[in-house]
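Below: one structure, written as structure tokens.
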Amino acid sequence: MMKDSCSLFRDKLADLADGTADDAVVQHVSTCSRCSTKARELKAIISTATYAWEDAPQSWVQSVKQLMPESKRILWAKRLNLRAASAARGPIDEFQIVVGVEDWSIRLLATPTATGWIVMGQLPGESWVFDGRESVSISGNRFQFNAPDLSETAFELVGQDAILCIPPISDLLNDDRI
């Protein structure tokens, strides 16, 4: 019989632990050792959860931040300019394609050579650096590199808080999701 009575008050024991229970719950807990024990456990949990947190000193926060690796958003560029890409699907001539994501875009110029392609572009800002290729020529914020095939033109541009991944131009030309 007592077990059935406990089930009526089980959900209300937390109210007792935080001081908002009605008289029926208080009366039941005063006569039931099992519910009384459970109410004491809940009261201990609630008092621990309401512990007053204090901010760490700023010098400690800065020290810890220096130990943490820098995190950057990784963004995958997509083709932004269909007209330039469509022109490239015709004769194999020099062409331009605009790629990017969010607020960043770059124009890539691809020029065929006897041994592959020359790819040129401009970094999206002063704080960006070129990454992902062994031999790249950089002058100011412009870059240039050679690739044997358009499928081997992937690279990354690294900014202060983001990495912009540029897929191979061959993938960008075949992407009809604009």
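Among the numbered conditions (1) within 31 Å of the chain's Cα centre (by Cα); (2) modelled with pLDDT of 80 or more, the only one that Thr115 does not meet is (1). Scan region 97-135 for residues that are assigned to a loop (DSSP other than H, G, I, E, B), surrounded by 14 or more Cβ atoms within 10 Å (Cβ to Cβ) and not aliphatic (A, V, I, L, M) and the total you get is 4.
The residues in region 97-112 that are at pLDDT 90 or above and of a type in the set (A, V, I, L, M, F, W, C) can be counted, and the count is 3. A count restricted to region 136-153 and to residues that are more than 16 Å from Leu123 (Cβ to Cβ) and in a strand (DSSP E or B) stands at 2. Comparison of Glu94, Glu54 shows that the only residue that is more than 19 Å from Leu157 (Cα to Cα), touching a Ser or Thr at 6+ places or on another chain (Cβ under 7 Å) and modelled with pLDDT under 85 is Glu94.
Considering only region 154-164, state which residues are part of a strand (DSSP E or B) and over 19 Å from Trp117 (Cβ atoms). Val158, Ala162, Ile163, Leu164 - these are the residues of region 154-164 that are part of a strand (DSSP E or B) and over 19 Å from Trp117 (Cβ atoms).
The values are calculated or read from the model by the stated rules, or taken from the named source; none is laboratory data. Quick caveat, the model's predicted, so the values are computed rather than measured. Methodologically, a virtual Cβ is constructed for each residue, glycine included, from the backbone with ideal geometry; neighbour enumeration extends over all protein chains shown.
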